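One structure is given here, and the rest of the page talks about it.
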Amino acid sequence: MVRSDPASSGVCFTIDPDSGHNNLMLITGSWGLGENVVLNQMAQNGLRQHENGLEVYVMAEIPSNIIRAQDFGRLFDGFSIGSNDLTQLTLGVDRDSSTVQGLFNENDPAVRDLIAMLLLSAHHTGTPVGICGQGPSDNPAFAEFLVKEGINSLSFNPDVFLRGLVAVGQAEEKLLEHTIGF
């Protein structure tokens, strides 16, 4: 973790743990000027964005990162939505609390609005967006929403991978039918 000024900015980053790719740096939290700090720290340690195919993605799990998506889209190579954290931080709830756990999820209108806002901004900057959260695995309607909004990639848990593929296929078919007017 790199922190420039603990009171106002910071960044957490790692080689992408989900894909295992050694040419994708994933910034898991960024606020303030922290994104510039981590890019400079990476460069000082021989990790230069776009050198040897190194891409740098930022997690879209903090509402402020989505509000500033056009700025981040010019700085980073992509976004990865963390729907669990985005839901928690958008709604101000503790997802680990058994008292409120069943009362919210990423289908909340505020969370969907932020995701749609991110995808629109990312389309303007030509920046790809994926999702690594639990949402598409648990809810085919949420996967359909993401496809409709133009997400570039979805991840599914292994136990629901085939169901997820079917949901994405159906969503793409609906989108195509709507587009060509059938």
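The values are calculated or read from the model by the stated rules, or taken from the named source; none is laboratory data. Bear in mind that the values here come from a model prediction, so they are computed numbers and not experimental data. Note that each Cβ is placed from the backbone with ideal geometry, even for glycine, and that neighbours are counted across all protein chains shown.
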Discussion item. Any residue that is modelled with pLDDT under 90 and either in contact with a strand residue (DSSP E or B) (Cβ under 9 Å, 6 or more places away or on another chain) or among the aromatic types (Phe, Trp, Tyr) (or both) - is there at least one of those in segment 108-125?
Written reply: no
Worksheet item: Exactly one of (1) in contact (Cβ under 8 Å) with a residue 60 or more places away in the chain; (2) surrounded by fewer than 16 Cβ atoms within 10 Å (Cβ to Cβ); (3) not charged (D, E, K, R) is unmet by residue 120. Its number?
Response: (1)
Practice prompt. Say whether the condition of being closer than 30 Å to residue 51 by Cβ, modelled with pLDDT of 90 or more and of a type outside the set (A, V, I, L, M, F, W, C) is met by at least one residue in segment 89-107.
Written response: no
Discussion item. Among the residues that make up segment 80-98, is at least one of them of a type in the set (Asp, Glu) and in contact with a Phe, Trp or Tyr (Cβ under 8 Å, 6 or more places away or on another chain)?
Written reply: no
Worksheet item: Which one of the conditions (1) of a type outside the set (A, V, I, L, M); (2) over 23 Å from residue 157 (Cβ atoms); (3) at pLDDT below 85 does residue 70 fail to meet, given that it meets all the rest?
Response: (3)
Worksheet, complete the sentence: Within segment 88-114, the count of residues that are crowded, with 20+ Cβ neighbours inside 10 Å, free of Cβ contacts under 8 Å to residues at least 40 places away in the same chain and not acidic (Asp, Glu) comes to 2
Worksheet item: Could you count how many residues in segment 44-53 are loosely packed, with under 13 Cβ neighbours inside 10 Å and assigned to a loop (DSSP other than H, G, I, E, B)?
Response: 3
Worksheet item: Among the residues of segment 126-140 satisfying the criterion of being more than 13 Å from the chain's Cα centre (by Cα) and surrounded by 12 or more Cβ atoms within 10 Å (Cβ to Cβ), which is nearest to residue 57 (Cα to Cα)?
Response: 137
Worksheet item: Of all helices (runs of 4 or more DSSP H) completely enclosed by segment 65-182, which ones contain at least 2 residues that are touching a helix residue (DSSP H, G or I) at 6+ places or on another chain (Cβ under 9 Å) and β-branched (Val, Ile, Thr)?
Response: 83-91, 109-125, 161-180
Worksheet, complete the sentence: Scanning segment 54-81 residue by residue, those buried (at least 22 other Cβ atoms within 10 Å of the Cβ) and closer than 18 Å to residue 108 by Cα turn out to be 60, 61, 66, 81
